[in-house]
Structures are given as C-alpha cells and as structure tokens.
1. Quick one: in the range 297-322, which of the residues that are without any contact (Cβ under 8 Å) to a residue 24 or more places away in the chain and touching a helix residue (DSSP H, G or I) at 6+ places or on another chain (Cβ under 8 Å) is nearest to SER345 (Cα to Cα)?
2. Of all residues being loosely packed, with under 15 Cβ neighbours inside 10 Å and of a type in the set (Gly, Ala, Ser) in the range 191-217, which is nearest to VAL270 (Cα to Cα)? Just the residue, please.
3. Just give me the residues in the range 200-217 being part of a helix (DSSP H, G or I), within 15 Å of GLY159 (Cα to Cα) and in contact (Cβ under 8 Å) with a residue 24 or more places away in the chain, in sequence order.
4. Taking the condition at pLDDT below 90, assigned to a loop (DSSP other than H, G, I, E, B) and surrounded by 14 or more Cβ atoms within 10 Å (Cβ to Cβ), does ASP112 pass?
5. Give the range 147-161 a look and list any residue that's at pLDDT 85 or above and surrounded by fewer than 18 Cβ atoms within 10 Å (Cβ to Cβ), or say none.
6. Kindly establish whether ILE366 is at pLDDT 85 or above, part of a strand (DSSP E or B) and out of contact with any Asp or Glu (no Cβ under 7 Å at 6 or more places or on another chain).
7. For the range 39-79, give me each residue that is surrounded by fewer than 20 Cβ atoms within 10 Å (Cβ to Cβ), hydrophobic (A, V, I, L, M, F, W, C), out of contact with any His (no Cβ under 9 Å at 6 or more places or on another chain) and at pLDDT below 90.
8. Just to be sure I understand the filter: pairs with C-beta atoms under 7 Å, separated by 6 or more residues or on different chains, first member in the range 60-74 and under 13 Å from GLU93 (Cα atoms), second member among the charged types (D, E, K, R). Which pairs pass?
Amino acid sequence: MAAYARVSTLEEEQEESFETQSKYYAKLINSTPRWSFVKVYADKGRSGSSADVRPGFQAMMNDARSGLIDLILVKSVSRFARNVIDANDYLHELKSHNVEIRFDREGISSFDPSADMIFNILAATAQEEIKSLSEKVKWTNRRLMEKGIHHVGSGHMLGYDEIDGKLTPNKDSWIIKQIFEDYASGLSVVQIATRLNEMGATTLRNNSTFKPGTIDKILTNECYVGDRLLQKRAPKNYLTHRPDESQSYDSRYITNDHEGIVERELWETVKDMREEQRQQLDSGVHKRKSSHPLYGKIFCAGCGSPYCRRITRAYNGEKLAAWVCVDRFRGKKGDGCMNPIIRESKIMKAVREKIGSDNLDLVERIVIGEDYSIKIKASKE
C-alpha cells in the first residue's frame, strides 16, 4: 500500500507540514500488520487544481495501473484533487483497478456505497475554494498595478537577482551583454548559443547549455533594457493553469523600471534587426551570410511574391537547384500560386545572356513569368 502527500507552496510552514505528512504515513503503514509499504508519493509546491502537472501523483497512478498498490492513504479530499472532473476521473480509474483510497480527515473510503456522492460534494467545495482564491489573487494584483506596485516575479532571471523587490544585475549579466552585442554584430542565434556553450556559460535551468530558443527569448525580453511589461499574457485558468484568452486583461508597459543590463541604443538596434528579419520571413526573403546571392532578387510575375531556392532531384537521382514562388507553400493544397518552378541553370543562362557575366552582384531584379519567361534588370553599378 501507499500514501499521497501534497503541499501547494514551498514556504517553511507548509514544508514542515509536508515532512510531517510523509513521516506519519510511512510510520503508520510500516507499523500496521498485513500492510506492505510501497512508498509515499509526494508533490511539493504543486497546486491541487490539476493532477496533470503533479509528477508524484502521476507516478502513483502509473504504479496503481501496474498493480503495485491496492490501497492509498490521503490526508483529505483537497490534497487529492481540487478539480471535480479530475477527482472523479482518477477515483473511478483507481476503483477499476481495485485500488481503494481512504481520506483521513473526512473518514471515507472510495469503496463506501455513498462514496461517489460525498466525494463529489467535497471535491466541488475544494474546487470553489481554489477558484475563490484565484480571483482574490487576480483582484489584488490589479489593485497593486493601479497603484504602480508590481510583483517582480520569482526572481529567477538570468543576469538578475531580486533585491528589495527590484531586479539588480548580477555576475551573470555579462552573458546578456554578450548575447545582444553578438546579435548586433550579425551572429545568428545558433552561432551565439554555440559560442556561449564553448565559453562554458550556462542557463539558470539546471545549469544546462544554451539553445537557439533560449537566445530568442532573451533578445525579446524588455527587462534587460530596464523596462517592464506587466500582464504580458491572459490570466491563467484556475483549473488548467494555461492562459485563458476569453478573460479580459490590461497590459501596462513601464519604462526605466529597474537598472538595465543592455544600453537602450543597443536594445533598439537589436529590436529593429529582428523586426526586419521578421518582415523578410513573412515575405519569404530570408537573407543570411550563407544565403545564395540571388535571394531577395527573384520575384513572381503572377502574385508578386519572392522566389526561394530549393534543392530537388531529377529522375536519375541527380541533385538540381531550382527556384519556386513562396506563395506555393502558403495556401492549402492547390490554393497557392501556380507560377512555375524554374531550374537555376536556366536562370543563370538568362543572366549571362543579359549581362555577359556570372557576377550576380550585377543583378538587381529578376521576374519569372507564367510562361517561364525571365526578365532581368541589371544593377546600375
């Protein structure tokens, strides 16, 4: 048999309660004849509103499904679940595996004839309690925001420590500066991540290595220039813990909220570079240092969209470079632009005939027609 313990925060008082629960159940099971102790499954600092985000609870369910346990002791219904749907689903699943749950505080067993009715009432009460608490927290946060007071957050942000309610640069701030400076110099997020890893820099999450996605998030975080955006996302649903877009909310941007790590001029430079890159991606033109010199120069006569380069294979397996209108990929099947795919060799032949050279820097613009026609505008240089 086993027990399940949970506390919703890591504060000292709840930490002690958690340890007390765990020790109590371990001692009780070990000292009771005919009971064989498996373990005390536990979740610290986890809300009871959704069982899906509780690893200890899920481990207990998996062991129950495997037949390792047949009896679970829980302090109360609210420790088991504060979500009526979750509570009922897991209760019935455990019963289907012939696993009994006993709730100490309420003095009921899931095997009691009236257990379902009593359990539903108690779980609904627990759910309303957590909903009420969630609404109180949201109301308090709104009032504080109106007064210009805001919660810094967990304080876990690379390059910053939270001191007296303010974000203060720490010994890791050099990493943030390096990221912004490298990006402004033309390095990609992949190159920046590789460089930091080679230098031995680590993220806050388990001291792990940097990934391109991590660099992206840092480059768009206004906190690093000293600003603050309050209520970035919709408030979380109190049951799913995911942003609920159906709820109304007001965002507020605060300039010079705390000491920035990055100079504002550098922040604006990076911001403009990223916006330009985004526009290029939206238009299908994405120029990198390693890009083909014709990127951004070939356009469709039909829809006006740019052409992009693709490597294809001929029937004999030979690799061929070809160019295709990016609008072909945007619509549903058959809805995109039907302007033709054209081999690069044909484009190069037309370029040589037009300018008498293979120097693509002399090409300003190429337009591909529906009849495979190629119109070339040479550079004035």
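The values are calculated or read from the model by the stated rules, or taken from the named source; none is laboratory data. Keep in mind that what you see is a predicted model, and the values were worked out from it rather than measured. Cβ coordinates were reconstructed from backbone atoms using ideal geometry, including for glycine residues, and neighbour counts include every protein chain displayed.
1. ALA322
2. GLY213
3. ILE215, the sole residue that qualifies.
4. When the stated conditions are applied, ASP112 passes them.
5. ASP161 - this is the single residue of the range 147-161 that is at pLDDT 85 or above and surrounded by fewer than 18 Cβ atoms within 10 Å (Cβ to Cβ).
6. yes
7. Correct list: VAL40 only.
8. ASP70/GLU100
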